[in-house]
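*Asks:* One structure coming up, written as structure tokens, with questions to follow.
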Ligand code: ADP
Ligand code: ZN
């Protein structure tokens, strides 16, 4: 198999060279962030660490972590390091409660992102000759636009379909001859079902590569989607706080994880309880420091995603470290049809509604390939005896509020007072019946 690289020199650079690039970028980053962003300066001062203390890559461990709450506390633009007139784009992702987390990009950041995304596409085997069908959602989420710019940077043809309307997606695939599909893995399976319903044989299409991410998926799902769509399925990882899609991507040797573009995103694995850095190969929480971002650099961001890092050389020739497929989270974040949902956000909505009690449960399931979410909530004593219409309105209102704040459609089930099981310790808010 011949391997094509997007930036061969950096992707195959021996570790010493790579580490020296990382170190000089890290030093610059820390100095710049310390100087320009007060919240970082305050935290570093409190930890007794100065930019000059970063002399080796191991010194990274001296720096304080950044967590999602830091983004919320500085909402919307408080962690930007450049004036807003240099910011050419913003994106947003779910926060843990009411406010989303906002990230920004300079023109150079967009270039960097397009480049790492082009690198990811190339890593999966795509070339400029491909018709790339982008079914990630366009909008405030990073998925759609992030992938789009990478497709154009690669020189391939971008088909910006965005999500939804499976029939139309398939017609386009057929008529335009889509060769590469970008979507969430669950949506890919959904497309396969629609194809089946439309009587279209995937072998009659031109699809050859799938680049699936934004939610966890298993090896079983990989087999299924490869079989049902007649393509090679690869995993892509990213998060808006670090950049968006393209932080890491599987090469065609999919058995050992995704190559991280670590000349831009420096990874660590920590023990989520102690914060201690773990040795290579050990499982723990993935932490990222951005090395080149201008508008919204981030230092030691705790992703809450659980993974491992493999530094052994890869058969594809890339020296970039590989991260294992995400195997879980350290918090209770759910991913519902590609959208991040925190139970605390649901609670936040419920707390603002008259007539319901703070006793609720979220039941997640999969209907075919589509995630479903049902919020069960207790109605207040006086309310329950009331007329049906009032209850129906309450139900609709909660649904709408959840849709507005979280961006997901859910079912609401109003239940009688005192019917949701009370816990003796930590409440079990989520019942996840999906078998991924
Ligand atoms: P996205 O648009 O990729 O969902 P967000 O910033 O909204 O970006 O969400 C990032 C989170 O999505 C990650 O922290 C991780 O939990 C999840 N995620 C993204 N890609 C993958 C992947 N390939 N496998 C598992 N989880 C993923
Ligand atoms: Zn490889």
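*Asks:* Collect the residues in the range 41-71 that are within 18 Å of residue 241 (Cα to Cα) and surrounded by fewer than 18 Cβ atoms within 10 Å (Cβ to Cβ), keeping them in residue-number order.
*Replies:* Within the range 41-71, 64, 65, 67, 69 meet the criteria.
*Asks:* A follow-up question, please. Pairs please, first residue from the range 289-312 and more than 14 Å from ligand 1 (Cβ to nearest atom), second anywhere and at pLDDT below 95, Cβ atoms under 7 Å, 6+ apart in sequence or on different chains.
*Replies:* 310/256
*Asks:* Would a scan of the range 270-291 turn up a residue that is surrounded by 20 or more Cβ atoms within 10 Å (Cβ to Cβ), within 20 Å of the chain's Cα centre (by Cα) and part of a loop (DSSP other than H, G, I, E, B)?
*Replies:* The answer is yes, given that some residue of the range 270-291 is surrounded by 20 or more Cβ atoms within 10 Å (Cβ to Cβ), within 20 Å of the chain's Cα centre (by Cα) and part of a loop (DSSP other than H, G, I, E, B).
*Asks:* Does the range 225-247 hold any residues that are over 17 Å from residue 317 (Cβ atoms), within 12 Å of ligand 1 (Cβ to nearest atom) and assigned to a strand (DSSP E or B), and which are they?
*Replies:* 233, 235, 236, 237, 238, 239, 244, 245, 246, 247
*Asks:* Return the residue satisfying two criteria in turn: it lies in the range 334-346 and is within 30 Å of residue 418 (Cβ to Cβ) and crowded, with 18+ Cβ neighbours inside 10 Å, and of such residues it is farthest from ligand 2 (Cβ to nearest atom).
*Replies:* Ranking the qualifying residues of the range 334-346, first place goes to 346.
*Asks:* If you go through the range 1-37 one residue at a time, how many are touching a residue at least 40 places away in the same chain (Cβ under 8 Å) and over 17 Å from residue 293 (Cα atoms)?
*Replies:* 13
*Asks:* If only one of 227, 256 is more than 22 Å from residue 147 (Cβ to Cβ), over 13 Å from the mean Cα position of the chain (by Cα) and within 16 Å of ligand 2 (Cβ to nearest atom), which one is it?
*Replies:* 256
*Asks:* Just checking, which of 320, 309 is crowded, with 21+ Cβ neighbours inside 10 Å, in contact with a helix residue (DSSP H, G or I) (Cβ under 9 Å, 6 or more places away or on another chain) and either within 27 Å of residue 366 (Cα to Cα) or at pLDDT 95 or above (or both)?
*Replies:* Going through 320, 309 in turn, just one is crowded, with 21+ Cβ neighbours inside 10 Å, in contact with a helix residue (DSSP H, G or I) (Cβ under 9 Å, 6 or more places away or on another chain) and either within 27 Å of residue 366 (Cα to Cα) or at pLDDT 95 or above (or both): 320.
*Asks:* Name the single residue, out of those in the range 50-107 being in a loop (DSSP other than H, G, I, E, B) and under 18 Å from the mean Cα position of the chain (by Cα), that is nearest to residue 305 (Cα to Cα).
*Replies:* Only one residue tops the list, namely 67.
*Asks:* Going residue by residue through the range 89-104, is there one that turns out to be crowded, with 16+ Cβ neighbours inside 10 Å, farther than 25 Å from residue 339 by Cα and touching a helix residue (DSSP H, G or I) at 6+ places or on another chain (Cβ under 9 Å)?
*Replies:* no
*Asks:* Let me ask something additional. Looking at the range 230-242, which of its residues are more than 15 Å from residue 252 (Cβ to Cβ) and either free of Cβ contacts under 8 Å to residues at least 24 places away in the same chain or within 16 Å of ligand 2 (Cβ to nearest atom) (or both)?
*Replies:* Within the range 230-242, just 237 meets the criteria.
The values are calculated or read from the model by the stated rules, or taken from the named source; none is laboratory data. What you are looking at is a predicted structure, and each value in this text was computed from that prediction instead of being measured. Glycine also receives a Cβ, built like all others from the backbone with ideal geometry; neighbour counts cover every protein chain displayed.
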